[in-house]
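Following: one structure in structure tokens, then a few remarks.
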Amino acid sequence: MARIVGAITTSHVPAIGGAIAKGLQQDPYWKPFFDGFPPARDWLAKVKPEIVVMVYNDHGLNFFLDKMPTFAIGAAGEYRNADEGWGIPTVKPFRGDPELSWHIIEKLVEDEFDVVSCQEMVVDHAFTLPMALCWPDQNWPVRTVPVVVNTVQAPLPSAARCYKLGNALARAIASWPKDERVVVMGTGGLSHQLDGERAGFINKEFDLKFMDSMVNDPAWATKYSTVELVELSGTQGVELLNWMVARGTLPEKVKKQHSNYHIPISNTATGMMVLEPAA
Amino acid sequence: MARIVGAITTSHVPAIGGAIAKGLQQDPYWKPFFDGFPPARDWLAKVKPEIVVMVYNDHGLNFFLDKMPTFAIGAAGEYRNADEGWGIPTVKPFRGDPELSWHIIEKLVEDEFDVVSCQEMVVDHAFTLPMALCWPDQNWPVRTVPVVVNTVQAPLPSAARCYKLGNALARAIASWPKDERVVVMGTGGLSHQLDGERAGFINKEFDLKFMDSMVNDPAWATKYSTVELVELSGTQGVELLNWMVARGTLPEKVKKQHSNYHIPISNTATGMMVLEPAA
Amino acid sequence: MPNAKPRQPVPGTTIFDGEQARKGYALNKMCYSFNDAANRAAFVANEDAYCAKYGLNAQQREAIRNRNVLQLIEAGGNAYYLAKFAGIFGLDMQDIGAQQTGMTKDEFKAKLLAAAR
Amino acid sequence: MPNAKPRQPVPGTTIFDGEQARKGYALNKMCYSFNDAANRAAFVANEDAYCAKYGLNAQQREAIRNRNVLQLIEAGGNAYYLAKFAGIFGLDMQDIGAQQTGMTKDEFKAKLLAAAR
Ligand SMILES: [Fe+3]
Ligand SMILES: [Fe+3]
């Protein structure tokens, strides 16, 4: 039986890729952000996952509006990064785990989640940056299963539906017969808005309440509609839906191993958390 | 308030396109099949729909295994037919209704159906042939909303999930503020199998029971898993899932206006039905 | 014992599941390309080069060479995509059915008619 | 009165819904093509021809010509695709933010920092 040993949630701003490429981790602008990650790496060294289930949103690299999924699951043997339009350096390919992917797809469809299966998929910064933050040598020691959530094109899945998807993912993983350790990552957010007269919107109060809810009241955000979440966290802050999926894979009671919150990187309030199932 | 005035379900064998192109409607091989449609046309002339919601499965024209949806909804202004590999003559484009499509997509996502929205889409014989059978002059008098169901790549959505999708479509259409008449079509089946040593499998007894259930016991087929439906109706007979969606858009009590059943066209047991909500 | 269920429980039938989809990805991708007449012509003009472009493995290449549907299914082919390959040779679904069941086309047609009784 | 809700209830914010997606389809499709470096080069080499190829309407063409993000959003552009257009000119998200809010980049940065308090 596979076991979810914990979840890591983190922001995924493209500029982080540039900072990594230029080695700016100790630069005063970047240090408060990068300093969040050594504790996560220590934790990963301890829990030694074989598999990362990566919950993120595609930013218009693999999906376009001709075929825009609500939820998509990767089922490829390998996932490559690609040029997203800004010349962020691409990273080494990621190993997939098609057997586990198909197991998850089967269980999710059985559970009445109408997912898209993707046997070929390129992954963008929302997938690659959290991996690079966790494993800076970029020798990925895990196999991966991408879970893509639509945060781009309204209607978005509700926070409640995302949380339930997390619950269903947990059931699927628990029924995987191999004795393997799984870390679920949820990437994106926290509050930020790139577009419109409200560009630059950040809501520290909401973010801190949201991060607290991850520990103490996991369904808290499900009381908001996605439009209300845009109002509270910005047009891109709504990427926190990926956090809801990741949180939904853990039991109600969790232990916070670590967290960090910093304003701003680029236009974004960045947050990260390491959560474990409570013993 | 839009109103679903009824449903038409029918098989959609590619060879029908060839027979239409060659004018074989009165040919002894084809006559028992084509004779099913004049009553449907009379009914359409009476109920005068403005809109057809077409529930079908794509046969590898618009979707490939790189991005394989469980449920996809067209949201384009126009849908074109295209060469599927066999040189079936293509037909005139179909008008879409993007406003209604988006209304349906919003309502379905709100109802926790994780649909794919498609702003660009080519439609195959499973869409075009039922239209050509209903309007032989091929001057399509309706706007259309394509609803695509995965019957190609297991895991398929269960018959129960498909029936519930129909229920949700009915709610979505009922909440559309325009005063328009909608016909739902469900295409594919009935029993047939193209592939494997069991090619040519037909199950008349099952088909007749299934057609009876459409009238008298609409959830009957939901007791079967999709693998059981393959066993009972063949690898392509499972396209009857599209019938389940269409049936789910009607109330429990319906009136059968017409039906036809004929074996074989190509390798297929063909069925068609015209159902109305009971007064 | 949820895994005691056989993966392919229907005799004479290969349900196209994730395992088949993985096995047949290159083959089905090639067949999907036959939606386009120019690609069908390119295949006919140089079958070897076309198969190589899509990275078919030896089993798939052999099954394509043999125009053998059961072998194509064994190699991961899906009926809906394979139909586009059959279309290149003007084969209809009854030709395909006859080939797979080891019947003549007339025998296969008779079998279908018999189902009407 | 379910339709009494305004479609765009958040001030200064255009939620990218079906209506925006319809309006902006050609524009976003062009921006999506900028994932590919060769397409970015083709745009730079002949902007008119490239916009014509994607069928941009006059409003979209004008907004592209002006490199004006608010106009691009008004014309149906989506932030995630528009970011790829901005990338051609080496603009970062703070440049974009400053442009849309009518601030200098330093003022915009100060605004972000203020949110930390
Ligand atoms: Fe993002
Ligand atoms: Fe079919």
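Shown in residue order for the range A:139-156 are the 3J(HN,Hα) couplings computed by the Karplus curve 6.51 cos²θ - 1.76 cosθ + 1.60 at θ = phi - 60°: 9, 4, x, 10, 8, 10, 10, x, 10, 9, 10, 6, 10, 9, 10, 5, x, 8 Hz (x for Gly and Pro). Here the chain A residue lying nearest the rotation axis onto B, judged by its C-beta and given with the distance in whole angstrom, is A:ASP114, 2.
Shortest first, B:ARG95 label-point distances to identical copies amount to 5.7 nm, with the label point at 7 Å from Cα along Cα→Cβ. The listed peptides A:182-192, D:41-51, A:83-93, B:10-20, ordered by packing as a protection proxy, come out as A:182-192, B:10-20, A:83-93, D:41-51 (highest mean of other Cβ atoms within 10 Å first).
Summing +1 for each Lys or Arg and -1 for each Asp or Glu, what net charge is found among the other residues whose Cβ lies under 13 Å from the Cβ of D:TYR50? Net local charge, D:TYR50 excluded: +2. With its label point put 7 Å out from Cα toward Cβ, A:ASN139 sits 7.3 nm from the same residue's point in the other copies, in order from shortest. The charge dipole of chain D, taken about its Cα centre with unit charges on the Cβ of Lys, Arg, Asp and Glu (plus for the first two, minus for the last two), comes to roughly 220 debye.
For B:GLU84, no residue has an amide H sitting under 5 Å from its own, ignoring neighbours fewer than 5 places away on the same chain, with H placed 1.01 Å from N. Peptide packing for C:62-69, B:60-67 was compared via the average number of neighbouring C-beta atoms within 10 Å per residue; ordered from the highest value, the list is B:60-67, C:62-69.
When the charge dipole of the protein assembly as shown is built from unit charges on Cβ atoms (+1 for Lys and Arg, -1 for Asp and Glu) and taken about the Cα centre, the candidate among A:PHE113, D:ASN35, B:GLY60 whose Cα reaches farthest toward its positive end is A:PHE113. For the range A:259-269, the Karplus equation 6.51 cos²θ - 1.76 cosθ + 1.60, evaluated at θ = phi - 60°, returns couplings of 7, 8, 8, 8, 10, x, 10, 6, 9, 10, 7 Hz by residue, with Gly and Pro reported as x.
Looking only at other chains, what is the average number of their beta-carbon atoms within 10 angstrom of each beta-carbon in A:203-210?
Per residue, the number of nearby Cβ atoms from other chains is 1 on average.
Ordering A:GLY85, A:ALA75, A:ILE104 by Cα displacement along the dipole of the range A:69-110 toward the positive end leaves A:GLY85 in first place; charges were set at the Cβ atoms of Lys, Arg (+1) and Asp, Glu (-1). When chain D is described by a simple charge dipole with +1 on each Lys and Arg Cβ and -1 on each Asp and Glu Cβ, the residue from D:LEU91, D:ILE15, D:ALA79 located farthest towards its positive end is D:ILE15. Note on D:PHE108, B:PHE113: ascending count of other Cβ atoms within 10 Å places them as D:PHE108, B:PHE113, the fewest first. Shown in residue order for the range C:9-17 are the 3J(HN,Hα) couplings computed by the Karplus curve 6.51 cos²θ - 1.76 cosθ + 1.60 at θ = phi - 60°: x, 9, x, x, 9, 10, 5, 7, 9 Hz (x for Gly and Pro).
When each of B:ASP114, D:ASP17 is scored by the number of other beta-carbon atoms lying within 10 Å, the sequence from fewest to most is D:ASP17, B:ASP114. Remark: label point of C:ALA114 defined 7 Å out from Cα along the Cα-Cβ vector; separations to the same position in other copies 8.5 nm, ascending. First check a/c for chain C, with a ≥ b ≥ c the square roots of the eigenvalues of its C-alpha gyration tensor; if it is under 1.5, answer rounded, and if not, answer prolate when a/b is larger than b/c or oblate otherwise. Judged from the Cα gyration tensor, chain C comes out oblate (a/c at least 1.5, b/c at or above a/b).
Look at the alpha carbon pairs under 8 Å that are at least 6 residues apart: their mean separation over the length of chain C gives a relative contact order of 25 percent.
Listed from fewest to most Cβ neighbours within 10 Å, the set B:ARG171, D:ARG7, A:ARG143 follows the order D:ARG7, B:ARG171, A:ARG143. Assuming charge only on the beta carbon of Lys and Arg (+1) and of Asp and Glu (-1), the dipole of the protein assembly as shown about its Cα centre is about 420 debye to the nearest 20. Taking 19 Å as the limit for the C-alpha separation, the pairs B:LYS92/B:LYS256; A:LYS31/D:LYS109; B:LYS204/C:LYS109; A:LYS48/A:LYS107 exceed it in the case of B:LYS92/B:LYS256; A:LYS48/A:LYS107.
Could you tell me which of rounded, prolate or oblate describes the range B:3-277, using a ≥ b ≥ c as the square roots of the eigenvalues of the alpha-carbon gyration tensor, with rounded for a/c under 1.5 and, failing that, prolate when a/b is larger than b/c and oblate otherwise?
On the way: a/c = 1.23, a/b = 1.14, b/c = 1.08.
Rounded.
Only Cα pairs under 8 Å and at least 6 apart count here; give the relative contact order of the range B:3-277 as a rounded whole percent. So the answer I get is 31 percent.
Kyte-Doolittle cut-off -1.0, length cut-off 15 Å along the helix's own axis using Cα: show which whole DSSP H helices in chain A pass. Helices meeting the criterion: A:98-110, A:159-174, A:204-216.
In a simple Cβ point-charge model (Lys, Arg +1; Asp, Glu -1; nothing else charged), the range B:3-277 has a dipole of about 740 debye relative to its Cα centre.
Computed from the coordinates by the stated procedures, all read-outs in this text should not be read as laboratory data. All values reported here derive from a predicted model rather than from experimental measurement. Because the Cβ atoms are built from the backbone with ideal geometry, glycine has one as well, and the counts that use them run over all protein chains shown.
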